[in-house]
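Student: Here's a structure for you.
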Amino acid sequence: MAAPRAGSGERAARRPSCGASSGSRTSATHPPPVTGRELSADPASGPVAKAPALWPRTAPAMAEGGAGGNQPPREHPQNLQGLLQMAITAGNAEPSQLEPMSDERRQWLQEAMAQAFRGQLEEVEQMKECLRMLEAVSPGGDGGETSEPAEGDPSRQASALELLAELCENLDNAADFCKLDGMRLLAHRYLEHPIPELRWRAAHLVGTCAQNVPKVQEQALALGCMRKLLRLLDHDGADAVRIKALFAISCLVRAQEGGLQQFLRLDGFSVLMRAMQSPVEKLKVKSAFLLQNLLLDHPEHKETLCSMGMVQQLVALIRSEHSPFHEHVLGALCSLVTDFPQGVRECREPQLALEELLRERCQLLQQQEEFQEELEFCERLQRVCFQTPPDDSSMDR
């Protein structure tokens, strides 16, 4: 299992961008009462390091009600985040303010940290149990019979994947999951499982583990996840599977050069364009959003996209019945033409009639507050493509 990170007495902070989270670890027991000579701390976020040997001296008024007694009394730290804040405060204190920590408080701090490490082990054991359940198969399956065939039940497998996704919101748990060979199990069995719910839960778990963790991204790519996820996005008959596959692809290509190169080799932009032409609104929006961000992060691929006819296909999408999806299509088109004269010239092709389309769209969106970003993209495209020479389009940003 992964050793605790330096300066960390509990697992790494959960990703702020993700909605799912696992159950909180057992809270530390309350510390003994704080005297006027010990500083209490606000339970701010962050893990705790080792117990500080010294504690800052603080005036009694601070302990009872903040500076001058005018603020509400500070609560004693209830968890490890609060302990970290206390340790930071102690580390920043002036030497003249420091005094030895009492034995009673030192004992409480050590017990709190021991409890946190027990929480780490409990979550690792939960992941091991989930993986045992996922490795089991029903009688007559590809892996033969198991001693506990009930554990091959799809509902229990779905529950195991759901719990793993919650646990792996934690960065350390995601790394441990891969060390337990969990990613291999997803790549080799569950991304291609015959049951749609297990496929989409597997794709979601791949993305959850891979977010912002290069080692996990590299392992997923080495196991062939990108190819399988692109196939799911392009061909799966279940909308939920396609949406989750797109999420996982996004997690493997953003800020990951190896993932982007695999995406390009496997013709990922064509797959993304076909997803934008899907009747599934959520899939269309997310595909356009990913395309827009890839163009912003990797403008060196604009020429490739133009050679694929991306300008013409984006304009065709804008001509479809108006929907919130168009905001992201127009955003992608703006990203494509900015600082790229070839894209501007293609937007000016008479057969596209883009200038007239933008003028009509601006009239439609006027006074509609919910479409103001889309209106701004339209006005920007008008300026860049039709009010400046192509070679000067980079001047309007």
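Student: Expected output is a single nm value to one decimal: the length gained when fully extending between Arg348 and Gln363, i.e. 0.36 nm times separation in residues minus the C-alpha distance. What is it?
Tutor: Numbers: separation 15, 0.36 × 15 = 5.40 nm, distance 2.01 nm.
Result for the pair: 3.4 nm of gain on full extension.
Student: Same structure, new question: Between Ser155 and Gln313, what is the spin-label point distance in nm, taking each point 7 Å from the Cα along the Cα→C-beta axis?
Tutor: Roughly 4.2 nm, to one decimal.
Student: Can you give me the long-range amide H partners of Met101? Hydrogens built in the peptide plane at 1.01 Å from N, cutoff under 5 Å, separation of 5 or more residues or another chain.
Tutor: Amide H to amide H, under 5 Å and 5 or more residues apart or across chains, Met101 pairs with Trp55.
Student: Further question on the same structure: Per residue, how many Å² of accessible area does the stretch 293-397 show with a 1.4 Å probe? Walk me through the intermediate numbers first.
Tutor: Numbers: 5260 Å² over 105 residues.
I get 50 Å² per residue for this part.
Student: Please report the carbon-and-sulfur percent of the accessible area for the stretch 262-353; probe 1.4 Å, protein heavy atoms only, DNA, RNA and ligands left out. All intermediate terms of the calculation are to be shown ahead of the outcome.
Tutor: Working: 1980 of 3770 Å².
In the stretch 262-353, the share of accessible area belonging to carbon and sulfur is 53 percent.
Student: I'd like the carbon and sulfur percentage of the solvent accessible area for the stretch 164-205, probe radius 1.4 Å, heavy atoms only, ligands and nucleic acids excluded.
Tutor: 51
Student: Using amide H atoms built in the peptide plane, which far-off residues or other-chain residues are under 5 Å from Asn170 H to H?
Tutor: Those lying under 5 Å, H to H, from Asn170: there are none.
Student: Could you provide, to the nearest whole Å², the per residue accessible area of the stretch 150-232 with probe 1.4 Å?
Tutor: Working: 2950 Å² over 83 residues.
Counting only protein heavy atoms, the per-residue value for the stretch 150-232 is 36 Å².
Student: Under 30 Å Cα to Cα from Lys244, which lysines show up? Leave out anything in the same chain fewer than 8 places away.
Tutor: Straight-line reach from Lys244, under 30 Å: Lys128, Lys179, Lys215, Lys228, Lys282, Lys284, Lys286, Lys302.
The values are calculated or read from the model by the stated rules, or taken from the named source; none is laboratory data. The structure displayed is predicted, hence computed values, not measured ones. Reconstructed Cβ throughout: ideal geometry from the backbone, glycine too, with neighbour counts over all protein chains shown. For the accessible areas, the whole protein counts, side chains as well, though only heavy atoms, and no ligand, DNA or RNA atoms are used. Shrake-Rupley method; radii C 1.70, N 1.55, O 1.52, S 1.80 Å.
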